[in-house]
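Coordinate-derived values only; no laboratory data. Every value quoted in this text rests on a predicted model; they were computed, and no experiment measured them. Cβ coordinates were reconstructed from backbone atoms using ideal geometry, including for glycine residues, and neighbour counts include every protein chain displayed.
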Ligand code: SF4
Ligand code: SF4
C-alpha cells in the first residue's frame, strides 16, 4: 500500500478497475494500447504497455480480449 493510502473500510468498495500486465508473457505488440478506447496505456521505450491512466478505465475488456498472449488481466471494481 503506498504511503498515505488508507485501507478500505468494511463498507467501502474499490472504485477503480485493476489492470495487471504479465511482463513475462507480453511480447510488446501494442495491441492493448491501440484498442483501448480510453487511452489508459502509455508505452515504454521497448513498446511495452504501461498502465498510465487506470482511473480512466471503463472496464470494456478490449485490452484483455485482444491480447494475443493472455498477458493482461482486468479486474473490475466491485
Ligand atoms: S496486447 Fe498483450 S502482448 Fe501485446 S503489448 Fe499488450 S499486453 Fe503485451
Ligand atoms: S478495459 Fe478497456 S478501458 Fe480499461 S484498459 Fe482495457 S481497453 Fe482500456
Could you line up 70, 41 from fewest to most neighbouring Cβ atoms inside 10 Å? 70, 41
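Taking R0 as 22 Å, what's the FRET efficiency between residue 28 and residue 61 from their Cβ-Cβ distance, rounded to 0.05?
Between residue 28 and residue 61 the formula returns 0.60.
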Cα shape, the range 29-75, gyration tensor, a/c 1.5 rule: oblate
